[in-house]
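The values are calculated or read from the model by the stated rules, or taken from the named source; none is laboratory data. This structure is a prediction, so every number in the text was calculated from the model and none was measured. Cβ placement follows ideal geometry from the backbone for every residue including glycine, while neighbour counts extend to all protein chains displayed.
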Amino acid sequence: MPTFRPFQLFVDQAVSELALTKRLLKKFPKIPVKIVLDRREIKRPVEMTWAKKGLYLTRLKSDPIKDFRMMSESSRRPYFSLDLVSNCHLECTYCILQSYLENNPVITVYTNFEEILERLATQIPSLPEGSVVGTGRIADSLALDDLTGHTREMVPFFGKQDRSFLELKTKSAFVRNLLGLDHRGKTVVSWSVNPQTIIDREEYKTASLEERLKAASQVVEAGYPVGFHFDPMIFHERWKENYQEVVQKIFKKVKPDQVAWISIGTLRFPARQARIMAKRFPKNKNVLEKLVSTHRKVLHYPDDLREEMQGILESELLKNLPADKIYRCMDF
């Protein structure tokens, strides 16, 4: 997968002297830099393809850990989000961030990292026992880690925590920073997976399935528990055989007792997102096949097809895993 290279750098004056800001600026010495006093100074670019090449360095002002109720309900464990980055340079045609971040499409990195760690240390003791803190809600957890190096400090930090786990969710294969860290089994590295035919067709700039599974085997060898997310499952020709084959490939690389959890969810997104997708990916109409609208203004598969897809995948997973390691992810 290609390394991210921004077209334009925007730097919040409030973070211009921070260590991570300076480190990121050194990585792009020839990229134009604009110092801004306010986020509103970054005018919304007309083309989102340009916008996702803009990089904004700023400060996270709110408490870093936020409740993620829908993930708590579906995963059956207390789940919280930690947003170190906002938006993603990978190009998945169906990505819900296209609508969720439609008015804020520039990639943002919060560079007050030391301050974030200090605030984490005060928040984590109040979390329920066994909580999961995930960094993949509005960004890929590892796609920019070669630039930010967040995991080098975040993984050892969670290794010292008694009450919570860190989940890093990704479609990349960049795990170099994770190797050799003192994680103490408190970080779960997880991959979103799909058949290679869907990756080729709908998940541009991401790692191949083989690259993702090779990376999973590397972190397993380093002692990390891993997870996999079949979310979204996408209807296509030979979908049954293809998803069953993905499961078989996973367990050729990873032993069942090394898997922390696997989630399942079928394709769904706000109905208004179809317009954005049609504009950005006019040749990818196949991804909309079989989708129907609901009163909640969400596009998803008819209930019988959704149940068939998830049921067949669950049956395949149950050949290797106990039921308590499998959950349906926010696909209610």
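Results, tabulated for the structure shown:
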{"read-out": "Residues satisfying the stated conditions in segment 67-81, i.e. of a type outside the set (Ser, Thr, Tyr) and either more than 17 Å from residue 163 (Cα to Cα) or crowded, with 18+ Cβ neighbours inside 10 Å (or both)", "value": "68, 69, 70, 71, 73, 78, 80"}
{"read-out": "Subset of segment 54-78 [within 17 Å of residue 127 (Cα to Cα), without any contact (Cβ under 8 Å) to a residue 12 or more places away in the chain and of a type in the set (Lys, Arg)]", "value": "69"}
{"read-out": "Residues satisfying the stated conditions in segment 173-193, i.e. touching a Phe, Trp or Tyr at 6+ places or on another chain (Cβ under 9 Å), on the phi < 0 side of the Ramachandran plot and not hydrophobic (A, V, I, L, M, F, W, C)", "value": "183, 186, 187, 190, 192"}
{"read-out": "Of all residues in segment 144-196 being within 24 Å of residue 266 (Cβ to Cβ) and in contact (Cβ under 8 Å) with a residue 60 or more places away in the chain, the one that is nearest to the chain's Cα centre (by Cα)", "value": "169"}
{"read-out": "Elements of type helices (runs of 4 or more DSSP H) contained in segment 6-96, each with 1 or more residues being closer than 25 Å to residue 275 by Cβ and at pLDDT below 95", "value": "48-51, 69-75"}
{"read-out": "Out of 141, 99, 131, 81, sole residue that is without any contact (Cβ under 8 Å) to a residue 40 or more places away in the chain and more than 25 Å from residue 30 (Cβ to Cβ)", "value": "141"}
{"read-out": "Pick from segment 97-128, criterion among the β-branched types (Val, Ile, Thr) and outside any loop (DSSP other than H, G, I, E, B), ranking: surrounded by the most Cβ atoms within 10 Å (Cβ to Cβ)", "value": "108"}
